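This report refers to the structure that appears directly beneath it.
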Number of protein chains: 2
Amino acid sequence: MNFNDLKRVLVGEPIPTSQAQEECLDKPTALAVLSSDALSSVAYATQEILLILVTVGTAARWLSLPIAVAIAALLFIVIISYRQTILAYPKGGGAYIVAKDNLGEYPALVAGAALLTDYVLTVSVSVAAGVEALSSAFPQLLVYEVPIGVLIIALVTWANLRGIKESGRLFSVPTFIFIASILLLLIVGFAKAAFVGVPPGEAFIHPTTGTETLSAFLILRAFASGCTALTGIEAISDGVMIFRSPEARNARTTLTWMGVILGTLFLGITGLAFLYGAAPAEETIVSQVARQVFGDSIFYYIVQFATVFILILAANTAFSDFPRLSYFLARDGYLPRQFANLGDRLVFSNGILLLGLLSSLLLAAFGGSVNALIPLYAVGVFTSFTLSQSGMVKRWWTRRGEGWERSLAVNALGAFTTGLVLVVVGVTKFLSGAWAVIALIPALVWVFSKIKAHYESVTRQLSLQAINYQPRKLKQKVVLPVGGIHRGILQAIDYARSITDDVTAVYVDIDTLSTEAFCKRWQEWTDVPLKIIPSPTRSIVEPLLQYLRESSDDPDEVTTVVVPTFVTAKWWQNLLHNQTAFLIRSALLLRRRKVVVTVRFYLDE
Amino acid sequence: MNFNDLKRVLVGEPIPTSQAQEECLDKPTALAVLSSDALSSVAYATQEILLILVTVGTAARWLSLPIAVAIAALLFIVIISYRQTILAYPKGGGAYIVAKDNLGEYPALVAGAALLTDYVLTVSVSVAAGVEALSSAFPQLLVYEVPIGVLIIALVTWANLRGIKESGRLFSVPTFIFIASILLLLIVGFAKAAFVGVPPGEAFIHPTTGTETLSAFLILRAFASGCTALTGIEAISDGVMIFRSPEARNARTTLTWMGVILGTLFLGITGLAFLYGAAPAEETIVSQVARQVFGDSIFYYIVQFATVFILILAANTAFSDFPRLSYFLARDGYLPRQFANLGDRLVFSNGILLLGLLSSLLLAAFGGSVNALIPLYAVGVFTSFTLSQSGMVKRWWTRRGEGWERSLAVNALGAFTTGLVLVVVGVTKFLSGAWAVIALIPALVWVFSKIKAHYESVTRQLSLQAINYQPRKLKQKVVLPVGGIHRGILQAIDYARSITDDVTAVYVDIDTLSTEAFCKRWQEWTDVPLKIIPSPTRSIVEPLLQYLRESSDDPDEVTTVVVPTFVTAKWWQNLLHNQTAFLIRSALLLRRRKVVVTVRFYLDE
């Protein structure tokens, strides 16, 4: 089985280009498909706020409430800001596109770098959180978190390489179940708290006093952690084109709905976590709350599995976003053009593979811990928010269409707020990991521009502009290195003669006796002129190169070196032969105006 | 700096073939040069006997005396046996040559396999013993034994790659010093014991009772260990041609002398070890004896350093023997022919490198322990002794020259005795390591014959016998796959046209719009006929292969596929380009009657 067969089995038969199509989705389905990334952050955002607060002590938990309200306010600002983007970019306005359109090359590259980083983190964080939700329900899986996570990424990668279409109906199910089950959790949870009373949670049973003291910096750190709740809300504005007509209007409505749902779920979970005294532990906050509200009933398991599935869906969305952005960057010359190739299955296979690889490595490097990955996450997200909103500000300022002042004000508020949060996140999370992303983004931008410069230089060097091409009749001269005379050589002679009549065979003399015998045999078999070149040090390649160097430099002449070689029937048999043909090829690789042809004689045994 | 420059610095400039020569040595120098391997075994043979005996208890040490006498008797038989070989093979009669000459292919291959194994072990054992002698004098080196050993092998390998000639005078010095210092040790040692009395040795201070019981099997095991004293005595009969005339006579005299010296040193050291109560420990037996005889004086250090040097010389002899035998085997078609290539420096570099590699790996795998390596050693040696002597028996029997009965009897005694010892060694050492060599030898023989079969099959397939060759005028047809039109393509067109007028450019259509634009541009620049082939699945290579498959199968026509490619200025830039040329080349590798030429366009930036 060769590589191609293996590929067929794994990813399936190639799909013809003609089958490429986009499907259009109604609003609820589009909401479900595009919001899994955003909504799934409910699974870990509250927990990340509490993790910072309990370093002061479980008593500081109440601060999660005002922080959650502040994040909800931020969510509101970002949502109204993005509603404007949708109007302006009905074909989809990702941060890279918006920044490139309005702010120019370097801001666009920064947005591109931030987004690529972000997509990798989306996969790692979502899968890590999904595995944590799973092992909260089944603690015996705790020790296998990393292998389970890597396996999930591998499966998602494989599915995307085969080209699962985001077939709305199927993919919307887990999202709807997640929304419904969390809403049920909130209703039952708050009702129970109001009418029945709550069983004592972790924070009441084991109150702790932490080692940190409460400070404005610590509160900002908790806020910065919670801002991961906003990741993924740009998805709707990126994907306007999948809505039914009128696209922009439907997308705006859907975005608003998503904001409302996300806000409700996030505030609700944070509230319940406070009421029920949930505190960070190996079991996730959502799992603790759900267990206390539902006991060990089927509803608890529905919440956990819905959480696992929506998190895997969230990871899956990055497998559309990352390859698409890589395609944009490659098309514009900032990434290797292999990322612009549409694979066998109509997907950008190289981008998918790279994302799968990077996110698994990241997951494994951080031991599958959501908490360890979070500090890296928000920097990229808020960088792209800020650039995207700033781009919109610039756009309104330049175009000044009807009502531009109000629109500019909205986007300016969005840009300012997200910029401020970016600074907060960058500063408060710097030492715990944000530094890596802050260093990585400019490094990526540098790589992008090096790549662009190379492609531009190649285009210039290959350009037909300002050249005056006249077909030239080149004279062929063939040099045929021979080491003996046998069927393979006779075949090579026939080939050489079919190119030109000017053929010279060259034999390297390392042993006078054999050379004499060879000359005699040569003349018995062929009349091709034979040139003997001496090799006092027994090297084959050196004297040959020397001979070729000395041969004519006529610009109207081209020398083709015909190298006879044989192809063995089994690979290991190659080890039994001097690799002279290969050595000659390699040595001539950098000799301009020398063309090398290998004429192969096939051994059948 | 490229590979060639690096090679020049490491091994020096190539040496012209004309400088090849052999020097002739007088008897004492030849003795010194050829007997380092044999004499150096004095450094470990006694110790290996004692190591087995003390498993019964230190009281069993006395048995080393009769065992040593038996080994000396064996030595006597082997020496007189080899004196005959020298007469019969004045050009050098190694076991492989003698077996091939008289016993046929398979016995010769067994001898070859045994000898190759043996040479690798000679290096590992000698270097390990040398390092042990060194760390007996300087115990702080004990923990570095493996790295020191590997370093020594690397240095010896390097020196041999440069081609140190066995320049007699220089190389004879350590051997003479070794002989002299051990003789001095014996004289002073026995005199001291007779007239002064001996200080109490290890065995007297710490007498032990072991866990084994004394048995005939155990005594045979101890004898088998001691037989390593005989390793290397075939060197003189292998190297008859380096003696001054009359070669055979001088070689015989020298062999006798070597036997006498080896017997004396070995019996003497074994006797002293018994008298002075030496017992196996981290310090070697020779070092223990020398320290008791000479105290901490300069003479002690002379003995130790002479031991280290003669052991390194012993390892060095294998670096002539192994490559020479590999050359014989390669010349006869049993090893890859790369082993028959004389390197830049007139040495068989591939054999030297392989020996260096294998012996270092072996040394490291066995933790630099002589004791662990010894059980593997004697099997190969006695296999080749037995085959070589049996070959001589066969020879006398066939030729029946004057006095053949006596000669036959001598060699038959040799063959019988060494064969018996081989059985003893194989049986008593089987579990402690000999099994590996016993399994390896037939495996090597199998590999040798597979290689031979391949070369014979290639010769048959390439043979000009029974073919009726008439030069054929083949018609050239060029197919030129293009993906655009630029300077590189124009250059490729000129090249293609220099081969034939029948050039067809082929463009794979993966996107109708670009294809139309391309066709228009193509016609503006050239009149080469352009064939558009559709690719519904966007593959470039598949449709091209399909097209080539469908093209003519006329036996008088040959299709050359001219693949335009460019060579980037820096290696990393290659990562930024689709490797289409490479993919096309690879895909066509197994298509017969299709010749691929890469026409390279050089990018300068």
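Every number here is computed from the coordinates shown, using simple stated rules; none is lab data. Model, not experiment: these values are computed from the prediction. Note that we place each Cβ from the backbone using ideal geometry, even for glycine, and neighbour counts take in every protein chain shown.
What the table shows:
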{"read-out": "Global form of the stretch A:347-468, assessed from the alpha-carbon gyration tensor, a/c cut-off 1.5", "value": "oblate"}
{"read-out": "Shape of the stretch B:1-117, Cα gyration tensor, a/c cut at 1.5", "value": "prolate"}
{"read-out": "Whole-angstrom gap from the stretch B:518-577 to the stretch A:544-605, using each part's C-alpha centre", "value": "22"}
{"read-out": "Low-density loop cleavage sites - trypsin sites (Lys or Arg not before Pro) in the stretch B:420-479, where at most 16 other Cβ are within 10 Å (DSSP)", "value": "B:R472, B:K473"}
{"read-out": "Three-way shape call for the stretch A:475-602 based on the alpha-carbon gyration tensor, with the a/c threshold at 1.5", "value": "rounded"}
{"read-out": "Debye-sum result for the stretch A:26-456 in log10 I(q)/I(0), which assumes one identical scatterer on each alpha carbon, at q = 0.06 Å⁻¹", "value": "-0.23"}
{"read-out": "Neighbour-count ranking [beta-carbon atoms within 10 angstrom, fewest first] of A:H454, B:H206", "value": "B:H206, A:H454"}
{"read-out": "Semi-axes of the equivalent ellipsoid for the stretch A:435-480, Cα gyration tensor, largest first, Å", "value": "44, 17, 4"}
{"read-out": "Inter-part distance where the stretch B:429-472 and the stretch A:488-503 are each reduced to a Cα centre, Å", "value": "32"}
{"read-out": "Nonlocal amide H pairs with B:V506, under 5 Å, H built at 1.01 Å", "value": "B:L480, B:V482, B:K531"}
{"read-out": "Per-residue average of Cβ from other chains inside 10 Å of A:535-543", "value": "4"}
{"read-out": "Fraction of beta bridges assigned by DSSP in chain A that are antiparallel (%, nearest 5)", "value": "5"}
{"read-out": "Long-range HN-HN contacts of B:R538 with modeled amide H, under 5 Å", "value": "A:T17"}
{"read-out": "Label spacing, shortest first and in nm, from A:H206 to its equivalents in the remaining copies (7 angstrom along Cα→Cβ)", "value": "5.4"}
{"read-out": "Longest to shortest principal axis, alpha-carbon extents of the stretch A:307-383, angstrom", "value": "36, 27, 21"}
{"read-out": "Using distinct alpha-carbon pairs, which all enter the 1/r mean, Kirkwood radius of the stretch A:347-400 in Å", "value": "13.9"}
{"read-out": "Amide hydrogen neighbours beyond the local backbone of A:E557, cut-off 5 Å, H modeled", "value": "A:K475"}
{"read-out": "10 °C / 1.306 mPa s Stokes-Einstein diffusion coefficient of the protein assembly as shown, Kirkwood radius on C-alpha pairs, µm²/s", "value": "42"}
{"read-out": "Gap separating the Cα centres of the stretch A:365-390 and the stretch A:254-289, nearest whole Å", "value": "20"}
{"read-out": "Cβ neighbours within 10 Å from other chains - mean over B:489-501", "value": "5"}
{"read-out": "Proximal charge balance of B:L464 [Cβ under 12 Å; K/R count +1, D/E count -1]", "value": "+2"}
{"read-out": "Antiparallel %, DSSP beta bridges [both residues in the protein assembly as shown], to 5", "value": "5"}
{"read-out": "At least 27 Å along the helix axis (C-alpha) and Kyte average at least 0.5, DSSP helices within chain B", "value": "B:64-88, B:105-137, B:168-195, B:247-275, B:298-331, B:404-428, B:435-462"}
{"read-out": "Summed residue charge, Cβ within 12 Å of A:A224's Cβ, Lys/Arg positive, Asp/Glu negative", "value": "+1"}
{"read-out": "Average beta carbon contacts from partner chains per residue of B:482-488, 10 Å cutoff", "value": "3"}
{"read-out": "Cross-link pairs beyond the 32 Å C-alpha cut-off, checked among A:K7/A:K594; A:K477/A:K570; A:K429/A:K450; A:K91/A:K452", "value": "A:K7/A:K594; A:K477/A:K570"}
{"read-out": "Mean ellipticity per residue at 222 nm, deg cm²/dmol - from DSSP H runs of n ≥ 4 across the protein assembly as shown, formula -39500 (n - 2.57)", "value": "-21000 deg cm²/dmol"}
